[in-house]
Amino acid sequence: MERIKQALDKARAERGSERGVGGGAPMSTGASSAPETGIEYSQTKVQTFDPNVLKSKCVVVDDSNKMGLTAYKMLRTQVMQRMTARGWNALAITSPAPGDGKTVTAINLAISLARELHHTVLLVDMDLRNPSVHRYFGLEPTVGISDYLLHSVPMNEVLINPGIERLVLLPGRTSVENSSEILASPTMGKLVQELKTRYPSRMVIFDLPPLLAADDALSFAPYVDAFLLVFRDGKTTKTEVDHSMQILRDVPIIGTVLNGSDERLSSYY
């Protein structure tokens, strides 16, 4: 883990004098009017999740996992403090490589945020190459965000409430070709603006593809307020940290999550 700390310290030093947000503190979990998009909303359909499926995938849904519950509450508080202080509500979550835990972090953070009474949460699966958020809930949606973007399926047919109060999912379904072009398109920009502005008290969490796997996350960067980076202790290399921070050098990063660490929250970065 020391190599990750060193890499983050170096990145912070390089970014700190340039940006007010530059890097943020580490978060080690240990475990306006809307544009003319033509989106119409009605009552969101409810599909109850299987708690056993979520628990098997390390998703914290109750207090049976007290350590995980506490860790994500602390992550939630830090994220909310930093986002609220800047008037932001759209957060992208990514990681250097597959298997770092970005999706489970996005899901757990979204659930923890939804447990607060002051706002609602929309969790959007923007990993168009490998959509997987729905699988963590044991859901098999018949339509997904790609169907809205490419086949004009109404938004109200895509949105799902997974049985968790104040949480709505905008799931993916199948892999999409030319995903980076779609993510950078004006249609996507209008959709994100709509999602951000329709409900002022809503937090929007975007689960993005890994940074080093393709240019998708960077293509999507202009549409969100900030990024949260997920690294995995014992897996993520110093080179991957350096490369990731370089890719996002012009993008606000509110913090980093060290996934799989035995240490509690620290203040080294």
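How do Thr239, Thr197 line up, fewest other C-beta atoms within 10 Å first? Mind dumping the intermediate values first?
Details: Thr239 12, Thr197 16.
Fewest-to-most Cβ neighbours within 10 Å comes out as Thr239, Thr197.
At 0.36 nm per residue, minus the direct Cα-Cα distance, what do Thr174 and Thr84 gain on full extension? Give it in nm, one decimal, please.
Numbers: separation 90, 0.36 × 90 = 32.40 nm, distance 3.37 nm.
Here the segment from Thr174 to Thr84 would lengthen by 29.0 nm.
Net charge within 10 Å of Ala213 by Cβ-Cβ distance, Lys/Arg positive one each and Asp/Glu negative one each, not counting Ala213 itself? All intermediate terms of the calculation are to be shown ahead of the outcome.
Values: positive: Arg129; negative: Asp127, Asp215, Asp216.
Spelling it out: positives minus negatives among the neighbours equals -2.
Work out, step by step, the length gained on full extension between His243 and Glu157: first 0.36 nm times the residue separation, then minus their alpha carbon distance; give nm to one decimal.
Numbers: separation 86, 0.36 × 86 = 30.96 nm, distance 3.87 nm.
This chain segment gains 27.1 nm when fully extended.
For Arg198 and Val143 in one chain, what is 0.36 nm times their gap in residues minus the Cα-Cα distance, to one decimal in nm?
Working: separation 55, 0.36 × 55 = 19.80 nm, distance 2.21 nm.
Once the chain is fully extended between Arg198 and Val143, it gains 17.6 nm.
Each value in this text was obtained by applying a stated rule to the coordinates, not by laboratory testing. Here the structure is a predicted model, which means the values were calculated and not measured. Don't worry about glycine lacking a Cβ; one is built from the backbone with ideal geometry, like all the others, and counts go over all protein chains shown.
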